[in-house]
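First up is the structure itself, then whatever we jot down about it.
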Amino acid sequence: MPGDNRIDTWVTMLHLARITERRVFGGFYGAEILVPFVGIDLRTPGGTDDKTQIGDITISPFLVQWTDGQLFGKPFFARLNFPVTLPTGDYDQARSANTGSHLVRFNPYFAFTVFLTPKLEFSSRIHYLWNGKNDSAPFSFGAESIEPGDAFHLNFSLSYATSP
């Protein structure tokens, strides 16, 4: 329909991780890097804006994974991670669609799984997200800078095995 706005996006993520045999705080030391390949196709009545490039890269030079723990006598697995996202993606104030955010993010998290019974498990990931400041806000925002702010968020699941 005339006057409609449409945006189509896709992301393919390259995730390289290494967990070593080296113990730190009783767990195994590791590191990881995530490289997103981002495609954006923005269609507006005023024109189109297409871009396919590398997005903001996330690195984590320090993570610890515990694989042999016990919690209240139950099998317990956990990970503590300190990922930092760098503003490596393409960014242009004049564009409506960018593959980068033009700011730094720090998103440490603690993830765990506990097997309550041989068939029942509970898992969670608890995050804190800190966002830096973008001093080159998109022109369409009408601001000199933007700062998304901080967030505390989590997810969890409860799973039951119904078959071997």
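The values are calculated or read from the model by the stated rules, or taken from the named source; none is laboratory data. Treat the numbers as computed from the prediction; the structure is a model and nothing was measured. Backbone-built Cβ (ideal geometry, glycine too); neighbour counts: all protein chains shown. SASA here: full protein model, heavy atoms, side chains in, ligands and nucleic acids out. Shrake-Rupley method; radii C 1.70, N 1.55, O 1.52, S 1.80 Å.
Tabulated data for the structure shown
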item: Proximal charge balance of ASN107 [Cβ under 14 Å; K/R count +1, D/E count -1]; result: 0
item: Two-decimal log10 I(q)/I(0) for the chain, as the Debye equation yields it once each C-alpha is a single scatterer, q = 0.09, 0.14, 0.18 Å⁻¹; result: -0.45, -0.89, -1.16
item: Heavy-atom accessible area ranking, 1.4 Å probe, most first, across VAL38, VAL104; result: VAL104, VAL38
item: Theoretical gain in end-to-end length, SER124 to GLN93 [0.36 nm per residue, Cα-Cα removed]; result: 7.4 nm
item: Gain upon complete extension [ALA143, ILE19; 0.36 nm per residue less C-alpha separation]; result: 40.3 nm
item: Surface accessible to a 1.4 Å probe, LEU116 within the full protein complex, Å²; result: 70
item: Given charges at beta-carbon only (K, R positive; D, E negative), |dipole| of the chain in Debye; result: 740
item: Cβ-derived FRET efficiency at R0 22 Å, THR12 paired with THR48, nearest 0.05; result: 0.50
item: Listed residue (GLY100, VAL38, PRO164) projecting farthest to the positive dipole end of the chain, Cβ model; result: PRO164
item: Accessible solvent surface per residue of the chain, calculated while the other protein chains remain in place, 1.4 angstrom probe, Å²; result: 63
item: Positive-end residue, the chain charge dipole about Cα centroid, Cβ charges, pick of SER145, MET13, THR117; result: THR117
